[in-house]
Amino acid sequence: MKQLLKTFKVAFKSINKNRTRSLLTALGIIIGVAAVIMTISAGEGATQEVQNQISGLGTNLLMITTKKEHRAGIDVRMGRRIEKKDFDILQKNSIWMSKLSPFIASGVRAIGPQGNKSTTIYGVSSDYFEILSREIVSGDVFTEEDVNSARKYCVIGETIKEELFAGTDPVGHQIRINKVPFTIIGLLKEEGKGTMGQDQDDMLIAPYTTILNRLYGHRSGYNMIMASALSENHIVDAKIEATELLRESHRIKEGEDDDFEIMTQIELQEITGNVTGILTLILGAIASISLIVGGIGIMNIMLVSVTERTREIGTRLAIGARESDILTQFLIEAIVLSLAGGVLGILLGIIGNQIIYKATDFYIPTDVNSILIGFGFSVLVGVVFGYFPARKAARLNPIDALRYE
């Protein structure tokens, strides 16, 4: 132990003698560790944000869509379109689904007192607002009677209000959607940007019957049917029930594949969690390349150090130092450089996360695992890239080393 402490002392003295060179050598490790911490933490932050967004979609959500396949760069419908008949069967016979709503999405041009803009209109039933937990801050939502009567009512998002009705309460005013006048009866609570950067307030919501009958002339078919299970414990029951009812509605025989797809909120969270996890892993792997570059820098500078201290090594070997002593000394120098870079890199990574949070308002939790991974890599780099120069120093011939000029 005494000998090891002495070796550490010699290593620190050697590093301290060339402070600038040592700092520049450790710079690659500093940047590498900081990059690993920031990328992994950013990935964790993105995963949390995605999960929160999905959770915010509503409670116990199920989404029923027509089965599609990706062919030649486009989505091709593989089954029968989801239609009113399917919705009616689910609504009349469902036990495990408490709320159901058709869902139709279409691009439109909205015209208000202060201009016009391209946006998206969603045709839904009155249950939609409960299924997705969308709140109203002014006015009210349309009722089931409004849906059955195909009344030209709509609810708008904050972005529509700011661009077409700035400074006024839009409730009670008219807005023209593809030249058809609609009365605004409610204003949605502001949601802000979504996971993928989309504006969740740039939207219009109207009865699906109005969209089908008054905007598109009895267009058949829905983009999807949205449903809410009775409780989280009954999501699987609701999915099984919906599958059986739709197979009967579509007259699918036993043994034949479904021509529809049902995605639950839990499955959606699992899929997005897996995707963001893979992306985090890839980003972390890319960031760790800079650690390898930093390790090469350490190996290079240690080889230079061996060359500069050849006579010193020869003298130590001549007075009785063992090869293992020389090997340990230079290996410790490499590890100390790498560890110092690792510690500074951790601090830089934590500070970088805070700077990003302050600048973008995107919360990046500094993940403990990312710190351990970054620090572990820095130790590994010190050992791996420091071993070759240390081994070279230990194997020097004492006589040749003493003669070296």
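The values are calculated or read from the model by the stated rules, or taken from the named source; none is laboratory data. What you are looking at is a predicted structure, and each value in this text was computed from that prediction instead of being measured. Using ideal geometry, Cβ is built from the backbone for each residue, glycine included, and neighbour counts are taken over all protein chains shown.
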What residue, among those in region 367-387 that are farther than 26 Å from Thr25 by Cβ and not hydrophobic (A, V, I, L, M, F, W, C), is surrounded by the most Cβ atoms within 10 Å (Cβ to Cβ)? Asp367
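Would you check if there is a residue in region 134-144 being at pLDDT below 90, within 21 Å of Phe103 (Cα to Cα), under 36 Å from the mean Cα position of the chain (by Cα) and not hydrophobic (A, V, I, L, M, F, W, C)? Before you say what the answer is, go through the steps one by one.
Initial filter on region 134-144 (at pLDDT below 90): 134-135.
This time we only want the ones that are within 21 Å of Phe103 (Cα to Cα), so: 134-135.
Then keep just the ones that are under 36 Å from the mean Cα position of the chain (by Cα); that gives 134-135.
Retained after the next criterion (residues that are not hydrophobic (A, V, I, L, M, F, W, C)): 134-135.
Yes: region 134-144 contains one or more residues that are at pLDDT below 90, within 21 Å of Phe103 (Cα to Cα), under 36 Å from the mean Cα position of the chain (by Cα) and not hydrophobic (A, V, I, L, M, F, W, C).
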Inspect all residues belonging to region 259-266 and state whether any of them is of a type in the set (S, T, N, Q) and either touching a Leu at 6+ places or on another chain (Cβ under 8 Å) or closer than 19 Å to Ile95 by Cβ (or both). yes
Taking the residues in region 116-132 that are in contact with a strand residue (DSSP E or B) (Cβ under 6 Å, 6 or more places away or on another chain) and part of a loop (DSSP other than H, G, I, E, B) as candidates, determine which candidate is farthest from Phe87 (Cα to Cα). Asp127
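Does Phe182 count as of a type in the set (A, V, I, L, M, F, W, C), assigned to a strand (DSSP E or B) and either more than 16 Å from Phe103 (Cα to Cα) or out of contact with any strand residue (DSSP E or B) (no Cβ under 6 Å at 6 or more places or on another chain) (or both)?
Details: of a type in the set (A, V, I, L, M, F, W, C): yes; assigned to a strand (DSSP E or B): yes; either more than 16 Å from Phe103 (Cα to Cα) or out of contact with any strand residue (DSSP E or B) (no Cβ under 6 Å at 6 or more places or on another chain) (or both): yes.
When the stated conditions are applied, Phe182 passes them.
Would you tally the residues in region 349-387 being outside any helix (DSSP H, G or I) and free of Cβ contacts under 8 Å to residues at least 12 places away in the same chain? Reasoning before the result, please.
Going residue by residue through region 349-387, those that are outside any helix (DSSP H, G or I) are 361-367.
Subsequent filtering for residues that are free of Cβ contacts under 8 Å to residues at least 12 places away in the same chain retains 361.
Count: 1.
Test Thr307 against the stated conditions and say whether it is more than 30 Å from Ser228 (Cβ to Cβ), in contact with a helix residue (DSSP H, G or I) (Cβ under 9 Å, 6 or more places away or on another chain) and of a type in the set (Ser, Thr, Tyr).
Numbers: more than 30 Å from Ser228 (Cβ to Cβ): yes; in contact with a helix residue (DSSP H, G or I) (Cβ under 9 Å, 6 or more places away or on another chain): no; of a type in the set (Ser, Thr, Tyr): yes.
No.
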For region 133-151, enumerate the residues that are assigned to a loop (DSSP other than H, G, I, E, B) and either surrounded by fewer than 19 Cβ atoms within 10 Å (Cβ to Cβ) or free of Cβ contacts under 8 Å to residues at least 24 places away in the same chain (or both). Ser133, Glu135, Asp140, Thr143, Ser149, Ala150
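If I filter region 90-111 down to residues being part of a helix (DSSP H, G or I) and touching a helix residue (DSSP H, G or I) at 6+ places or on another chain (Cβ under 7 Å), which single residue comes out as farthest from Leu212 (Cα to Cα)? Can you show your working first?
We begin by selecting, within region 90-111, every residue part of a helix (DSSP H, G or I); these are 90-93.
Keeping just the survivors that are touching a helix residue (DSSP H, G or I) at 6+ places or on another chain (Cβ under 7 Å) gives 90, 93.
On the way: Leu90: 20, Asn93: 24 Å.
By that ranking, first place goes to Asn93.
Picking from Ile346, Ile332, which residue would you name as being modelled with pLDDT of 75 or more and either farther than 30 Å from Ser41 by Cβ or not in a helix (DSSP H, G or I) (or both)?
Ile332
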